[in-house]
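Here is the structure we will look at, set down as structure tokens.
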Amino acid sequence: MPLPLAPNALTTLDDVKNLLGMDSSDVDEQRDTVLTMLINGVSSWIERLIGRKLGKDTYVHQLDAQGRQELILLQWPILSVDYARDTSENKVIPPDSYSFNMQGDIGILYRDKGWPFRAYRSGLAYDVHNIKRVIEVKYTAGYVLPKDATEEEPATLPCDLQMVVWGAIMQEFALMQNGAQGLKAFSISDVSWTFDKEPRQEWLTTIGLYARL
């Protein structure tokens, strides 16, 4: 039984096989299992560096905004918001009082009058302590991954991220094929090979564009 793609896989087996010059209809269980393992591993590596899930999903998070106008969500790009609720008063915040049209691609809900702020105060100076996460938001965020794409809902994962996925998989697969894991440079007579197992700087730069600083 072939190894399945992980839920967070950022490319498909057919795409990888095509990039490697293989016919997507050519089935080799051992090779295809190795490629699937690489897809799953590279996808998890990229998500870990970015610091969030990339696939489209729905989340319910409790957050604090400390009275600011910008509420920073944990996942993005924001696709829709089911509700935002002040849990301390059990009141739904009117949806026409906030928007993500301008900053949804970096995961921010903006509200002109500011978001509710709740905290405990204590001490002689009555200082603010223990900020409460009283804003509960249910929202959908993320990209449609290539493996989940349909005609009605095509893939939206940025092309530059896909290029990083493909490049890292092809690099690792080439190292395996050449039996040169960990080899930096090697030469015999007038024949030489050079492999660089370290991630390319341009890959890390691209990944950094999708992480929140």
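Among the residues of the stretch 79-94, which ones are out of contact with any Lys or Arg (no Cβ under 6 Å at 6 or more places or on another chain) and assigned to a loop (DSSP other than H, G, I, E, B)?
Within the stretch 79-94, Thr87, Glu89, Asn90, Ile93, Pro94 qualify.
If Leu74 satisfies all but one of (1) within 24 Å of Tyr210 (Cβ to Cβ); (2) without any contact (Cβ under 8 Å) to a residue 40 or more places away in the chain; (3) in the same structural domain as Asp160 (by TED's automatic domain parsing), what's the number of the condition it fails?
Of the numbered conditions (1) within 24 Å of Tyr210 (Cβ to Cβ); (2) without any contact (Cβ under 8 Å) to a residue 40 or more places away in the chain; (3) in the same structural domain as Asp160 (by TED's automatic domain parsing), the odd one out for Leu74 is (3).
Among (1) in the same structural domain as Phe117 (by TED's automatic domain parsing); (2) in contact (Cβ under 8 Å) with a residue 60 or more places away in the chain, where does Ser99 come up short?
It is condition (2) that Ser99 fails.
Tell me, which strands (runs of 3 or more DSSP E) wholly within the stretch 102-190 include 1 or more residues that are of a type outside the set (Ser, Thr, Tyr) and modelled with pLDDT of 90 or more?
Hits in the stretch 102-190: 108-110, 135-141.
Cβ-Cβ distance below 8 Å, separation of 6 or more or different chains: which pairs start in the stretch 152-163 with a residue that is under 15 Å from Asp105 (Cα atoms) and end on one that is surrounded by 14 or more Cβ atoms within 10 Å (Cβ to Cβ) and of a type in the set (Ser, Thr, Tyr)?
Going by the 8 Å Cβ cut-off, the qualifying pairs are Thr156/Tyr143; Leu157/Tyr143; Pro158/Tyr143; Pro158/Tyr210.
Yes or no: Asp112 charged (D, E, K, R) and under 19 Å from the mean Cα position of the chain (by Cα)?
So Asp112 fails the test.
Any chance the stretch 84-96 includes a residue that's closer than 23 Å to Glu153 by Cβ and surrounded by fewer than 19 Cβ atoms within 10 Å (Cβ to Cβ)?
So far as the stretch 84-96 goes, no, none of its residues is closer than 23 Å to Glu153 by Cβ and surrounded by fewer than 19 Cβ atoms within 10 Å (Cβ to Cβ).
The values are calculated or read from the model by the stated rules, or taken from the named source; none is laboratory data. The shown structure was predicted, so the numbers you read here are calculated from the model rather than taken from an experiment. Cβ atoms come from the backbone with ideal geometry, glycine included; neighbour counts cover every protein chain shown.
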